[in-house]
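Below: one structure, written as structure tokens.
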Amino acid sequence: MDKRYFSDKLVKWYEQNKRDLPWRATTDPYKIWLSEIILQQTRVNQGLPYYLKFVDKYPNVSALASASQQEVLRLWQGLGYYSRARNLHECAQQVVDKHGSCFPANYQALKQLKGVGDYTAAAIASIAYGESVAVVDGNVFRVLSRVFGIEAPIDTSAGKKKFTELANEVIDPNKPDLHNQALMEFGALHCTPKNPRCEECIFESGCFAAQREMQDLLPVKLRSTAVRVRYFYYFVVKKGNSYLMKKRTEKDIWQGLFDFFMLEEPKPTKIEKLIERFNAINCLQFQTGDFVISDNYKHILSHQIIHAKFIFLKAVSNNFLKEPFAFYTAKKIEELPKPVLISRFLSDFQLLS
């Protein structure tokens, strides 16, 4: 494939096939940054409603910075990867406090912001400020590896460097914004991971992978991340019309979100042993008959599978009234940021109605 014409053909395809998305109708770095953070590891159709909600509630970076972390997490609820939301909030405060509410106007300075890596910085710099710097993500790896026959593994430092160099070679310095958006869109809509539309591809005649039927082999990835299986046992403690919950503060999944008292076990565990642990931790004397246990809830995260059961406590003791636990009314729980797993359970058992 001739590198000289790659960008021209790509941009022409983009102008004819691009999706009508709100962040493409602006050069506002705040809105571009917001869309990029939301769309990390999230499909467009899932992320679009969240983008619209955030722009409506926080129309500029100052408004977002002024919000509480709990408000931001609540609005983010359901998108997953909650560290993105915490970084989003911290980054907004950083822009306000250190940059006078204006996003830095170049790639290197943007990379100093919380949660802004090479890809996001390149997207903002090229689209908002016209800087000729290439974006490199999964879509870009896939298109470049197939079209130009790059077999360097994308999950190695050497491979990433090779792709970054190539991406910056083929970018049109006069149209970096259109080029980057076109490349991402082409990978998302046309040169897809499975069943790419090769028979109607603008690069079909010169595509390395298409000519050799290597579409399923490129890009090359060496490592596969092991899936961690976890077993959560939640104790649902009720007092009047309130439930015992706490904010997750440990450096683990769902940091900053609220859930119930929980015991994690390395494998499925009998309720008798769970009650023994529960009693020992809380200095209580509950028996098996004092509990009702739910069916298993399976919750799949990236590289983790969680099996959860919810154990209803029929009686309550004031011994539970200690930090970080507190009783929350159904109305207050509705307002709290919660993992999707907890929201599913609350909905299934109609505990907030």
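The values are calculated or read from the model by the stated rules, or taken from the named source; none is laboratory data. Bear in mind the structure is a predicted one, so any value in this text is a computation, not a measurement. No Cβ is skipped: glycine too gets one built from the backbone with ideal geometry, and neighbour counts run over all protein chains shown.
In the stretch 67-96, which residues are assigned to a loop (DSSP other than H, G, I, E, B) and in contact with a helix residue (DSSP H, G or I) (Cβ under 8 Å, 6 or more places away or on another chain)?
Once the filter is applied, which keeps residues that are assigned to a loop (DSSP other than H, G, I, E, B) and in contact with a helix residue (DSSP H, G or I) (Cβ under 8 Å, 6 or more places away or on another chain), the stretch 67-96 yields 67, 77, 78, 79, 80, 82.
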Problem - Residue under evaluation residue 259, criteria (1) modelled with pLDDT under 95; (2) under 26 Å from residue 343 (Cα atoms); (3) not β-branched (Val, Ile, Thr), criterion not met - result: (1)
Fill in the blank from the handout: Checked 336, 284 against criteria (touching a residue at least 40 places away in the same chain (Cβ under 8 Å), in the same structural domain as residue 238 (by TED's automatic domain parsing) and among the hydrophobic types (A, V, I, L, M, F, W, C)); the one match is 336
Problem - Every pair of residues 6+ apart whose Cβ atoms lie under 7 Å, when the first sits in the stretch 148-174 and is over 25 Å from residue 9 (Cβ atoms) while the second is part of a helix (DSSP H, G or I) - result: 153/159
Problem - Answer residue from the stretch 304-324, given it is modelled with pLDDT of 90 or more and of a type outside the set (Val, Ile, Thr) and is nearest to residue 225 (Cα to Cα) among those - result: 304
Practice task
For residue 7, indicate whether it is free of Cβ contacts under 8 Å to residues at least 12 places away in the same chain and hydroxyl-bearing (Ser, Thr, Tyr).
Solution key: no
Exercise for the section: Scan the stretch 270-303 for residues that are outside any strand (DSSP E or B) and modelled with pLDDT of 95 or more and jot them down. Expected result: 294, 295, 296
Completion exercise
Picked from the stretch 232-258 (must be of a type in the set (A, V, I, L, M) and in a strand (DSSP E or B)), the residue farthest from residue 286 (Cα to Cα) is 245
Problem - Search result, residues across the stretch 218-229 that are at pLDDT 95 or above and closer than 14 Å to residue 151 by Cα - result: 218, 219, 220
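Mind listing whichever residues of the stretch 213-251 are charged (D, E, K, R) and touching a residue at least 40 places away in the same chain (Cβ under 8 Å)?
221, 223, 228, 230, 238, 239, 246, 247
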Handout entry: residue 47 being surrounded by 16 or more Cβ atoms within 10 Å (Cβ to Cβ), under 14 Å from the mean Cα position of the chain (by Cα), assigned to a loop (DSSP other than H, G, I, E, B) and not β-branched (Val, Ile, Thr)
Key = no
Practice task
Residue by residue through the stretch 55-66, note down the ones that are part of a loop (DSSP other than H, G, I, E, B) and surrounded by fewer than 17 Cβ atoms within 10 Å (Cβ to Cβ).
Solution key: 59, 60
Practice task
Among the candidates 185, 199, single out the residue that is surrounded by 20 or more Cβ atoms within 10 Å (Cβ to Cβ) and part of a helix (DSSP H, G or I).
Solution key: 185
Fill in the blank from the handout: Across (1) part of a helix (DSSP H, G or I); (2) touching a residue at least 24 places away in the same chain (Cβ under 8 Å); (3) polar (S, T, N, Q), residue 27 clears everything bar (1)
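Give the residues of the stretch 35-46 that are more than 16 Å from residue 83 (Cβ to Cβ) and either at pLDDT 95 or above or aromatic (Phe, Trp, Tyr) (or both), sorted by residue number.
35, 44, 45, 46 - these are the residues of the stretch 35-46 that are more than 16 Å from residue 83 (Cβ to Cβ) and either at pLDDT 95 or above or aromatic (Phe, Trp, Tyr) (or both).
Quick grid of which residues meet (1) over 21 Å from residue 79 (Cα atoms); (2) aromatic (Phe, Trp, Tyr):
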residue	(1), (2)
275	yes, no
293	yes, no
302	no, no
314	yes, no
328	yes, yes
Practice task
For the stretch 288-310, indicate whether the set of residues that are among the aromatic types (Phe, Trp, Tyr), touching a residue at least 60 places away in the same chain (Cβ under 8 Å) and either assigned by TED's automatic domain parsing to the domain that holds residue 344 or on the phi < 0 side of the Ramachandran plot (or both) is non-empty.
Solution key: yes
